[in-house]
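What follows is a short report on a single structure.
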Amino acid sequence: MSQKRLELVLGSTFEELDCAVEALQEFIPTMELDDDLAYRVILLASEALTNAMEHGNQWDESKEATLSLVKDGNLIEVVVTDEGEGIHWTQHDPLEESNQLADHGRGQFFMSTMADEIHVEGNGCRLRLVFYSQT
């Protein structure tokens, strides 16, 4: 089975984020994933990029965010990096009453429930999401 790869280097702007989401939506069908897995990969890759641009790079268009998406056999890996100070993975359950009206904090929860593995690396400037395909 051949490897499929998408690599993007982006400035931290809303326009670049939109372009990245479009590229993901065009690329994912070539990976031949089931609909549920395709949805999870697009959603979490988009969320990770948004976090990298917003929280990591502070929407500074001179700072880059990168996305690498690779499917090799049954392994799908999404790696997102930024040039920020790094994050501290502090997941809050958005379903708890004290968090229900919060304007942030849902992305990490979604990642932890929708990805098979999560690895925060590089002092928090590199996020690696791993998914396993049944096909």
Next on the checklist: Using only the heavy atoms of the protein chains and a 1.4 Å probe, how would D34, D18 rank by accessible area, largest first?
Outcome noted: D18, D34
Checklist entry - For the range 1-70, what is the per residue volume of the convex hull drawn over the alpha-carbon atoms, in cubic angstrom? => result 69 Å³
Next on the checklist: Just to confirm, what accessible area per residue do you get for the range 1-40 at 1.4 Å probe, in whole Å²?
Outcome noted: 65 Å²
Checklist outcome for this item: Probe 1.4 Å, all chains present, heavy atoms only: D72 accessible area in Å², nearest 10, is 80 Å²
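The values are calculated or read from the model by the stated rules, or taken from the named source; none is laboratory data. Quantities reported herein were computed from a predicted structural model and do not represent experimental measurements. Surface areas here come from the heavy atoms of the whole protein model, side chains and all, with no ligands, DNA or RNA. Shrake-Rupley method; radii C 1.70, N 1.55, O 1.52, S 1.80 Å.
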